[in-house]
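The values are calculated or read from the model by the stated rules, or taken from the named source; none is laboratory data. Everything numeric in this text was worked out from a predicted model, so none of it was measured. Cβ placement follows ideal geometry from the backbone for every residue including glycine, while neighbour counts extend to all protein chains displayed. To get the accessible areas, we keep the full protein, side chains included, count just its heavy atoms, and leave off ligands, DNA and RNA. Shrake-Rupley method; radii C 1.70, N 1.55, O 1.52, S 1.80 Å.
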Amino acid sequence: PKPARTRWLHDAFGNSITVVAFDGQPAAELVFESSFKAEHFPAEPGQIEIEPYASIYPFHYSFDEVPDLARTVERHYPDPERRVDQWARNFLGDAGTCPTMPMLTTMNEAIKAQFQYARREEVGTQTPLQTLEQGSGSCRDFALLMMEAVRSLGFAARFVSGYLYDEQLIGAESGVVGGGATHAWVQVFLPGAGWVEFDPTNALVGGRNLIRVAVARDAAQA
C-alpha cells in the first residue's frame, strides 16, 4: 500500500524498531523486502573464555554486574511444583557442583535430543511447563525453556530473535532445523565471555550460524 510513513526508534533494550504507517485504501497485498550485509564475529565453543571464578558452578556475579543483570536472572513463569528447577538440576550431578560451560552445553544438547521439534505458525510461546509436559515445541519454546531453566540455577539469560543462517541452504537442503526463517535462541551471561549464544533447537553454541536481530528479557517483548 502507498503511501507509507516509516520511522525508526530504539526500544528499552537498544533494538532497532521500524514503525510503518499506511494511509489510503486497503491493498490486496503487503510485501516486506529486506536485505542486509552482516559483519559477523561469532565465537567458536572452544574459544569462549570464562573468568576463573565462574568456570565452576555455582558462582556469584560480581557486585558491579548484579544491578544490571537482576531482571534477567528473575524467573518469569510460574513453576509451583519446581518442575523446571528439577529438570535443570539433573545437569549438575550428585555433588551439585560442576564445570560451568560443559553443564550449559550439555543442557543445550539435551533439549535437542529429548524434545521433538514442531514448527508452529500461531502467535505466542508455550510456557516452559507446557514444553516439558508435551515433550515438543518450536525454536522459541525451546529457547524459553532453557532461559527459565538456567535462571532457576541463578544465571542471567535473555531471549533472542533473529535468523538461522545455513550456507547449505544455497542450492541444497538445510543442515539445521529452522534455517532460512526467523529463529529464536537464548543468551546466557558468563563473566569473562559476556552474553554467550545457545541454540537448543540445533545444539549450537557461540553463534556461528546465528544472526541476532533483537534481544529481550522475555519472549513476548521480542
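Filter the stretch 21-43 down to the residues that are more than 25 Å from the chain's Cα centre (by Cα) and surrounded by 10 or more Cβ atoms within 10 Å (Cβ to Cβ), then identify the one that is farthest from residue 163 (Cα to Cα). Here the answer is 27.
Here's the yes/no breakdown for (1) open to solvent by less than 40 Å² (accessible area, probe 1.4 Å); (2) modelled with pLDDT under 95; (3) of a type in the set (A, V, I, L, M, F, W, C):
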{"residue": "198", "(1), (2), (3)": "yes, no, yes"}
{"residue": "208", "(1), (2), (3)": "no, yes, no"}
{"residue": "211", "(1), (2), (3)": "yes, yes, yes"}
{"residue": "217", "(1), (2), (3)": "no, no, no"}
{"residue": "221", "(1), (2), (3)": "no, yes, no"}
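Do we have residue 55 as in contact with a helix residue (DSSP H, G or I) (Cβ under 7 Å, 6 or more places away or on another chain) and surrounded by 10 or more Cβ atoms within 10 Å (Cβ to Cβ) here? Criteria met by residue 55.
Of all the listed residues (6, 18, 100), the sole one being surrounded by 14 or more Cβ atoms within 10 Å (Cβ to Cβ) and either of a type in the set (Val, Ile, Thr) or under 20 Å from residue 210 (Cα atoms) (or both) is 100.
Of everything in the stretch 21-67 that is among the aromatic types (Phe, Trp, Tyr) and at pLDDT 85 or above, the residue that is farthest from residue 190 (Cα to Cα) is 22. Please indicate, with yes or no, whether at least one residue in the stretch 65-73 is open to solvent by 60 Å² or more (accessible area, probe 1.4 Å), aliphatic (A, V, I, L, M) and farther than 30 Å from residue 129 by Cβ. Taking every residue of the stretch 65-73 in turn, none turns out to be open to solvent by 60 Å² or more (accessible area, probe 1.4 Å), aliphatic (A, V, I, L, M) and farther than 30 Å from residue 129 by Cβ. Would you say residue 149 is surrounded by fewer than 19 Cβ atoms within 10 Å (Cβ to Cβ) and either at pLDDT 90 or above or among the small types (Gly, Ala, Ser) (or both)? Criteria not met by residue 149. Residues in the stretch 159-186 that are at pLDDT 70 or above, open to solvent by 60 Å² or more (accessible area, probe 1.4 Å) and under 19 Å from residue 121 (Cβ atoms): 163, 182.
When residue 87 is tested against (1) aromatic (Phe, Trp, Tyr); (2) in contact with a Cys (Cβ under 9 Å, 6 or more places away or on another chain); (3) in a helix (DSSP H, G or I), just one condition goes unmet, and that condition is (2). For first residues located in the stretch 17-32 and closer than 22 Å to residue 222 by Cβ, partners that are surrounded by 10 or more Cβ atoms within 10 Å (Cβ to Cβ) and of a type in the set (D, E, K, R) and lie 6+ apart or on another chain with Cβ distances below 7 Å form the pairs 17/11. Evaluation of residue 141 against the conditions (1) open to solvent by 10 Å² or more (accessible area, probe 1.4 Å); (2) over 18 Å from residue 82 (Cβ atoms) shows that the sole unmet condition is (1).
Yes/no per residue for (1) of a type in the set (Val, Ile, Thr); (2) farther than 26 Å from residue 182 by Cβ:
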site: 57; (1), (2): no, yes
site: 60; (1), (2): no, yes
site: 73; (1), (2): yes, yes
site: 80; (1), (2): no, yes
site: 84; (1), (2): yes, no
site: 102; (1), (2): no, yes
site: 120; (1), (2): no, no
site: 123; (1), (2): yes, no
